[in-house]
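Undergrad: What follows is a structure written as structure tokens; I'll ask about it next.
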Amino acid sequence: MKFSVYQAPVSNTVPAGTLTAEELFKVISGKGIDTPRLAGLTRCVINAQNEYNTAILLNARGRLSTKELQRRKGLIFPYVTIGGVFSPTRKADNLQRASGLLTIDIDHLTDTESVFHQLAQDQLLPLVLLFHSPTAGIKIVLDINRQETPYSQTYTRFANYLYTAYGITSDPAPKNIAAATYIPYDPDCIYKTTVLSP
């Protein structure tokens, strides 16, 4: 289950390589780093998160617009395309191999930590990764290897489940298999190996 990884900025659509879900967990959490490549990517992610946290403070103090905050996020964070491996560039038509994974992005939560803990315990979600996004939302990576429906329909089914079960609305952007998922630093990232398909 590999997917493409890209260096910042998000306008860069040429992959820098691939990662597995376990490697992404190591980079996001900073735990179990076992190669120089992952160590370098983790340092990059931590630096980006620190820079972005400063921008969030500036935004809160009225010194930086929300639009500029979003622009900076796209400039500093490396990212992945959880849906699969793309070549030569990131776009749906260039999918070389599907990963069997799907990202759900949840923003604008009033109680992020409560939702995070509820999702971590949800037995109906084939959860692989759960982590906080750079913008205080939540990213959910699901194992969809056993799904028979197309990627976008599978996304809609899980988004509908989250709305019905928790009353939360998912960002529709990750419905596109080539959607970018920023890599934040989150030491509380959860990685579940038991749901991975053989």
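The values are calculated or read from the model by the stated rules, or taken from the named source; none is laboratory data. The shown structure was predicted, so the numbers you read here are calculated from the model rather than taken from an experiment. Virtual Cβ from ideal backbone geometry, glycine too; neighbours counted across all protein chains shown.
Undergrad: From the list ASP122, ASP111, exactly one residue is modelled with pLDDT under 95, more than 16 Å from ILE82 (Cα to Cα) and among the acidic types (Asp, Glu). Which is it?
TA: None of the other options fit; the residue is ASP111.
Undergrad: Considering only segment 17-50, state which residues are within 14 Å of LEU129 (Cα to Cα), aliphatic (A, V, I, L, M) and outside any helix (DSSP H, G or I).
TA: Within segment 17-50, LEU19 is the sole residue that qualifies.
Undergrad: Restricting the first residue to segment 84-101 and requiring it to be among the charged types (D, E, K, R), which pairs with a second residue that is not in a strand (DSSP E or B) meet a Cβ separation below 6 Å and a spacing of at least six or different chains?
TA: ARG90/THR13; ARG90/ALA178; LYS91/ALA178
Undergrad: Another question about this same structure. Name the one entry in LEU109, LEU69, LEU162 that is farther than 25 Å from VAL5 by Cβ, surrounded by fewer than 18 Cβ atoms within 10 Å (Cβ to Cβ) and touching a helix residue (DSSP H, G or I) at 6+ places or on another chain (Cβ under 9 Å).
TA: LEU109
Undergrad: For residues that are buried (at least 17 other Cβ atoms within 10 Å of the Cβ) and not small (Gly, Ala, Ser), scanning just segment 95-106, find the one that is farthest from the chain's Cα centre (by Cα).
TA: Within segment 95-106, the match that is farthest from the chain's Cα centre (by Cα) is LEU95.
Undergrad: Right, something else. Do we have LEU162 as of a type in the set (A, V, I, L, M, F, W, C), at pLDDT 95 or above, closer than 16 Å to PHE116 by Cα and within 13 Å of the chain's Cα centre (by Cα) here?
TA: no
Undergrad: Select from segment 151-185 the residues that are in a loop (DSSP other than H, G, I, E, B) and in contact with a Gly (Cβ under 9 Å, 6 or more places away or on another chain) and list them in ascending order.
TA: The answer is ASP171, ASN176, ILE177, ALA178, ALA179, ALA180, TYR185.
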